[in-house]
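Following: one structure in structure tokens, then a few remarks.
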Amino acid sequence: MNVRDAVFAVVGRIPPGKVLSYGHVADLVDGVRVTPLTVGRIMATADADAPWHRVMARDGELVIARRSPRLAELQKIRLLSEGVAFDGEGRVRMDLHTWHPGGTLFDDMEGD
DNA sequence: AACTTGACGTGAC
DNA sequence: AGTCACGCCAAGT
């Protein structure tokens, strides 16, 4: 199991409408020791098929915007399409949409 | 196939 | 608030 696979295994399990931070993904990856930076690195090489848009900075900021405003816009559109709310500063409401794995069938109820 | 370079974080100090 | 260390992978040459 490569780190890349382990990371995408976690990312791939994020349900629509839910999001995770790099650090959170890194923490969920088990069996392999990874840093949030590593997650970010790998996410940078994510396939279009992967739900890469559900991963962002812990602050809710779309980090990709630093490098590609165009992709950031795409990410934002995808998130909005899933019902993810943003605050007035263009950041994702992590407090409302952070995914709590293990869970559950109720992983969608925390959004209120 | 080996080496170099680039690159989407986060918490502690 | 800025700096530092940590769990460094992937792509190009």
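How would you rank A:Ser21, A:Ser68, going from fewest to most other Cβ atoms within 10 Å of each one's own Cβ?
Fewest-to-most ranking of A:Ser21, A:Ser68: A:Ser68, A:Ser21.
Compute the Cα gyration tensor for region A:3-96, then decide on rounded, prolate or oblate, letting a ≥ b ≥ c be the square roots of its eigenvalues: rounded whenever a/c is under 1.5, prolate when a/b is larger than b/c in the other cases, and oblate in all that remain.
Prolate, since a/c reaches 1.5 and a/b exceeds b/c.
Name the long-range amide H neighbours of A:Ala85: under 5 Å, sequence gap of 5 or more, or other chain; modelled H, no Pro or chain starts.
Close amide H contacts, sequence-distant or interchain: A:Arg93.
Rounded to the nearest 0.05, what FRET efficiency is calculated for A:Asp59 and A:Val32 with R0 set to 25 Å and r the Cβ-Cβ distance?
In this case the efficiency is close to 0.50.
Just so you know, all these numbers are worked out from the coordinates, no wet-lab data involved. Computed from a predicted structure; not experimentally measured. Note: ideal-geometry Cβ built from the backbone for every residue, glycine included; neighbour counts use all protein chains shown.
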